[in-house]
Amino acid sequence: MTDAIQAIFVTPGLAFSRLGGSSTPQCAYDWVDTRAPRADGETTIAPNWTLAVQPDGSAQPFMPDSVAFRDGDLIRPVAPFYEVWARVGGAGSAPATWRDVPLTPALLQANGLALAALQLKVTARNLKAARRAGNPQLGFGTFPPLTFNANDNSRIPILGVSPTTAPTPMIPHGRSIPLGSVQFLRSMPQPNGEAWSGAVNVETLRFRYTPAAGLFYGPPEAAQAAPQNGRPASAVRPENAFLNANAGWRGTSTSQLVEPGDTYDVINQSQSPDPNLPSPGFGPSLGVVDDTCEVHFEVFLHGGQAARTLTALAVAFVGPPDFAPDRRPFLSTADELNDRSADAGARNTAIDGPDLDRWVADLFQRVYETVSLFNVDAYRRDRAANLPPDKIKPADVDGGARDDPKRAMGGRDGLRNALYKLAAPTTDNTLPLSEHARMRHRALSDLQNLIEVVSLDANRIKTLVRPPFEVESFEDGNSTSMRMPPFMRQSNALPLTLARWQYDLLLRWVERTAADLAAGRLEVVGRPRARVLSPAAAARRASVLARIDATAAVQ
C-alpha cells in the first residue's frame, strides 16, 4: 500500500533572484577550492548541472562548458527553480515516521490525485516608493494574485499594477510593469543511464521564477534629459515614462524617513541642490521606480486520502546583478538565519577541535574575499572616518608619512598595529590602504598566521572585532571606532557585524588557542623552539648566574 501524502513543502524555501535583460538565464555553478596557489584567494567557481527549459515546459539537464554572466551587453538573469516535496506516511502514523520524497505525478496518482490538484498562487510586490513616501497606495504588484495549476506548463507573466483601492493609481489603468514570469515545469520519466541521472530528478514537480529585465519606470518628466556629471541623460526610456506624476511619489522628500536615504532619483538635484538637505540623493523624488520585487509562492494540494488541503510556502527576493561570483560574503543570509534558529547553541557546541579550526579558517578566508573587493582608500576618504579624541594615539605610527593622521587608519588610529607603517599615496602606489588591507587579511586567512596573532596578543582579535549589533556612543555619520568590519553598514545604516553565533565561535577559538599556546600544546609554525638544556648544562648555567649575582652584590 502506498503511503499517504501527509504534508508538502517547497525547497528552497527562500531564494535570491537577479535582474537581467538576456533571454538566457544564468547557468548553475558551485563555489569550489582550487587547491592551487592564487594571489587573490583559493575560492573559484565551477559549472554544475543546469536545467534548460524546453518549449513543451520540460527540463533538460546539461553541464555547461564554462560559466558566463553576460550575452554581449545583456546580463543573464538568475532564475531559481523550486521543487515541491511531500512527507509521506501510513494513515494515523506519527510525524516522526514520515519520509521526505519528491512530489511526482506518480505519487499524486497513487494518492488518487490529478496534476490539477496541485495549485500555485503567486503574490509579487514592489513597495519601495510606498515605504519611502509612507503611502501604501504607491506599492505595485499582482492585484489580485496569480493562480494556476500544475498541469498548465505555459510561462505566465507577472504584471505589476497599482492597488485597486488607489484613488490616483501610480500605474495608470491598462498599463503595467513586468515583474518577471513563473512556470510550472512538465514532469518527465526519470532515466537511469544519463550522466546526470544521479544528480537531477526530472520527474520531480518544480516551478521556476524568472525575474524582470532590470528597467526603470517613471512619469513623463523622468524621460526628459537632465545634465548628470556634465553629460545629458534621462532617468527612464521614453517608452517607460508612463507613470502618473500626481500619484504621490514624484516630488516626495524622504530625507528623514528611511535609511539609507539616497536610494532614489531626485528632481534636478545636480543642478540646484537644496542647501537644507544633508547631501545629494535625498528628495524631492523624481518619481522613478524599478522592477525589483519580493515574490511569495503558496502551493496548495487539494483533496486526496486526507480529504484536506495541504499548503507550502516559498519566497523569492529580487535584486540587481552581483558580479563577485568567486567572492563569498563573510556574513550570509544563511548565517543570519542560523543566528535565529532554536538550536544555535547546540550547533555551536558541536563545532570543536579540527572542525572549529576549519570553521575559523573559512571565516577569515571569506573576510579576505570581501576585503579584496574594496577600495579601502576611497571608503576612508568618502565615508565616515573621523576618530573621537579618546581613540587617538599620542604617537604617529607612520611617522608623519601619511596625510591626516587623526583620521581612521591614519598613523594615530588607536587600533592601528604599530608594526605596520603606511606611506601616503604615490603614482606607483595609488591605493596603499587597499594594498595593506589585502596583504594583512590574505595573511590572516591562513590559520597559522592567525594563531601567531593570538600568540603575540591574546586580546588583539577581541579588541578589533566589533561585537554583534554594537554601536558605540560616539559613533555617527562622521565618527567611527574602526572596529571590524570598518566602514561597512547593514540595512539600517548601523555598523555591520558578525552574527552572534559567529562571534561566539570566534572568541571560543581564540580562548582555546591562547590556552593551548600557554600550556605548550600548540606552537607557532616557523617560530624557533626554545632549546631544552641537559641537566649538566642547566647546572653550569645556574652556577654562572649565581657568580654574576654574587659579584653584583659585592659591587
**OP:** Select from the range 317-340 the residues that are touching a residue at least 60 places away in the same chain (Cβ under 8 Å), charged (D, E, K, R) and farther than 22 Å from Thr263 by Cβ and list them in ascending order.
**Re:** Asp326, Arg327, Arg328, Asp335, Asp339
**OP:** Just give me the residues in the range 361-386 being assigned to a loop (DSSP other than H, G, I, E, B) and modelled with pLDDT under 85, in sequence order.
**Re:** Arg383, Ala384, Ala385
**OP:** For the range 331-340, indicate whether the set of residues that are surrounded by fewer than 12 Cβ atoms within 10 Å (Cβ to Cβ), closer than 27 Å to Asn126 by Cβ and of a type in the set (Val, Ile, Thr) is non-empty.
**Re:** yes
**OP:** Out of Ala91, Ala68, report the one residue that is surrounded by fewer than 13 Cβ atoms within 10 Å (Cβ to Cβ) and outside any strand (DSSP E or B).
**Re:** Ala91
Original post:
Do we have any residue at all in the range 410-420 that's within 30 Å of Arg358 (Cα to Cα), aliphatic (A, V, I, L, M) and surrounded by 13 or more Cβ atoms within 10 Å (Cβ to Cβ)?
Top reply: yes
Original post:
Any idea which residue in the range 276-305 is modelled with the lowest pLDDT, counting only those that are part of a loop (DSSP other than H, G, I, E, B) and either closer than 28 Å to Pro144 by Cβ or among the aromatic types (Phe, Trp, Tyr) (or both)?
Top reply: Gly304
Subject >> The lone exception for Arg358 - which of (1) loosely packed, with under 12 Cβ neighbours inside 10 Å; (2) at pLDDT 85 or above it fails >> reply: (1)
Subject >> Subset of the range 109-133 [over 14 Å from Val161 (Cα atoms) and without any contact (Cβ under 8 Å) to a residue 24 or more places away in the chain] >> reply: Gln109
Subject >> Candidates Gly198, Gly180, filtered to the one that is surrounded by fewer than 17 Cβ atoms within 10 Å (Cβ to Cβ) and not polar (S, T, N, Q) >> reply: Gly198
Original post:
So which residues in the range 339-356 are polar (S, T, N, Q) and under 23 Å from the mean Cα position of the chain (by Cα), if there are any at all?
Top reply: Ser341, Asn348
Original post:
Pick from the range 1-37 the residues that are over 30 Å from Gly90 (Cα atoms) and polar (S, T, N, Q): which of them is modelled with the lowest pLDDT?
Top reply: Thr34
**OP:** Examine the range 362-382 for a residue that is farther than 30 Å from Asp30 by Cβ and buried (at least 19 other Cβ atoms within 10 Å of the Cβ), and state whether such a residue exists.
**Re:** yes
**OP:** State yes or no: is Asp40 of a type in the set (Asp, Glu) and at pLDDT 85 or above?
**Re:** no
**OP:** Select from the range 502-523 the residues that are in a loop (DSSP other than H, G, I, E, B) and either of a type outside the set (A, V, I, L, M) or free of Cβ contacts under 8 Å to residues at least 24 places away in the same chain (or both) and list them in ascending order.
**Re:** Ala519, Gly520, Arg521, Glu523
**OP:** Working carefully through the options Arg402, Arg340, Arg327, find the one that is outside the structural domain of Ser434 (by TED's automatic domain parsing), out of contact with any His (no Cβ under 9 Å at 6 or more places or on another chain) and either modelled with pLDDT of 90 or more or more than 29 Å from Asp516 (Cα to Cα) (or both).
**Re:** Arg327
Subject >> strands (runs of 3 or more DSSP E) within the range 97-215 that include 1 or more residues within 19 Å of Phe242 (Cα to Cα) >> reply: 118-126, 156-160, 177-184
Original post:
Yes or no: Thr104 surrounded by fewer than 15 Cβ atoms within 10 Å (Cβ to Cβ) and of a type in the set (S, T, N, Q)?
Top reply: no
Subject >> Residue check, Ala418 of a type outside the set (Phe, Trp, Tyr), assigned to a loop (DSSP other than H, G, I, E, B) and without any contact (Cβ under 8 Å) to a residue 40 or more places away in the chain >> reply: yes
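The values are calculated or read from the model by the stated rules, or taken from the named source; none is laboratory data. The structure displayed is predicted, hence computed values, not measured ones. Reconstructed Cβ throughout: ideal geometry from the backbone, glycine too, with neighbour counts over all protein chains shown.
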